[in-house]
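Everything on this sheet refers to the single structure shown next.
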Amino acid sequence: EGSGTRQARAAWQRLAVGLRVVAWRLLLFACRTSGPALIKWGQWSSTRGDLFPPDFCSIMSSLHEGAPVHSFKQTRAAVEAAYGLPLERMFISFEEKPLASGSIAQVHRACMLVDGAPSRVVVKVRHPGVASRISRDFTLFKGLAGLASRLRSLKSLSLRESVSQFSATMTAQCDLRVEAAHLVRFADNFKGVAAQVTTPRLLRGLVREGVLVESWEEGRSVAHYTHNRTPINAQIVALGVDTYLGMLLKHNFVHTDLHPGNIMVRMLDGRGNVVSMSEYERRQQEQQQAAAGAPTKGSSSSSGGGAPAAAGSDLRAQLVLLDFGLAEELGPLVRHHFISFLNSIMSGDGRRAASHLLRWGAVQRCPQPEAFSVDMERMFAEQCNVHSEKGIDLDGVMKGVLALARKHEVTIDSGYASLVIAVCVLVGFATGLDPQVNIADAASACLLAYSLSGRVMGRLYS
């Protein structure tokens, strides 16, 4: 074909890409202006690389920012209606400006008497009318998705399946009593290792459908440590890996919304007391000065700047998990197929991985399973050599798997997709904390031991 034909084809391709981006941005605008159901669906769909193309996911991911905020007058009305008392009688103080807001609810910091002592708490308040709006929006959206799915250009987006999978999750998340039940279960699961991983404490008598109260927890977002190299970054990575493996292999209950905003880090001293970040940083500075031979505050210059006043060697990191609205309970089949899939990655067996993945849909609609298996074998041969110098890039493999699933129209139920995204988030936050870490290397021994014995071997949270 001539150069003119090639140029014309390239121009048409650029135009098609440009028009598609315009369409995604129009959909983004529609989601932002159409209420909580579409906002939450857009957030969720941005993580579904098995259903949607990369440019769609990239544009829709901006919905994670700028969530709606309702007025303090509405917050007061909701709290007083939930508890039947004036706000001033329940709380010593109540901050009018919310700490954060999502598509379902927003949170306020307050102070109240707990067991007779003033205690700082967090009050989570559902946005007014959000439950009825979500029910109405999804009724409309299911119909629109069905119509849109008939269009040839939109069939590949799996809109009907996406909306159907997500609506049940979204409806449950509107009831804060569901989140409270999740929080209680996670707290119980981690109570044996609470010095390493913990959760806020739920005030059980103050749980309502639209309002809940839990303890205020000190800490700093894990995002701070991904942007700053500190001596505890390696500790945080180890705790994060152990936390995920504990949820997956021991508890059968996985937090599926563990983005950096929902993971905090704080320091504990040898007695288990929380150490403020300013105190921790002061101790670290004294350690660095001592190592350099400089005198530290409180030390005698005649001693040559010997040991620091507070070495900080007794401090250890603790993770605080937040926001338990999204969680997946793993049934026996889900655990078997997902853990076996992970083990297939570690062993580089693409065909076996494809075999398990094809069982991730209650009704599998993949038109050519053999072609999918061949592509998986080819990708695994290139990317899943645990003995190679760089090891296995677990995040890259997971995203490659989702891309192949979309290419071959493999049906993946939302529970499995949530587990895959949780792995990608874990890998992202771990490599952000320590670029040298390889999650596949860290997890392979534990996964192998579990597959052979059915038990978690080794010392998690050591």
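The values are calculated or read from the model by the stated rules, or taken from the named source; none is laboratory data. Source: prediction; values computed, not measured. Neighbour counts are summed over all protein chains in view; Cβ atoms, including those assigned to glycine, are modelled from backbone coordinates with ideal geometry. Heavy atoms of the whole protein, side chains included, go into the accessibility calculation; ligands, DNA and RNA do not. Shrake-Rupley method; radii C 1.70, N 1.55, O 1.52, S 1.80 Å.
Taking amide H as placed 1.01 Å from N in the peptide plane, the amide H of Ala105 sits under 5 Å from that of His127, each at least 5 places away or on another chain.
The residues of the range 323-462 have, on average, 47 Å² of accessible surface per residue, using a 1.4 Å probe with all protein chains present. In the context of the full set of protein chains, the range 195-262 has a per residue accessible area of 38 Å² (1.4 Å probe). The mean accessible area for residues of the range 76-126, using a 1.4 Å probe and ignoring ligands and nucleic acids, is 50 Å² per residue.
Rolling a 1.4 angstrom probe over the range 203-290 with all protein chains present gives an accessible area of which 46% lies on carbon and sulfur atoms. Put Thr431, Thr198 in order of accessible area, highest first, and with a 1.4 Å probe you get Thr431, Thr198.
A DSSP coil position with no more than 13 other Cβ atoms inside 10 Å describes none of the chymotrypsin sites (Phe, Trp or Tyr not before Pro) in the range 188-232. Within the accessible surface of the range 313-353, defined with a 1.4 Å probe on protein heavy atoms only, the carbon and sulfur portion equals 52 percent. Using θ = phi - 60° in the Karplus curve 6.51 cos²θ - 1.76 cosθ + 1.60, the 3J(HN,Hα) couplings for the range 377-382 round to 4, 5, 5, 5, 4, 7 Hz; x is entered for Gly and Pro.
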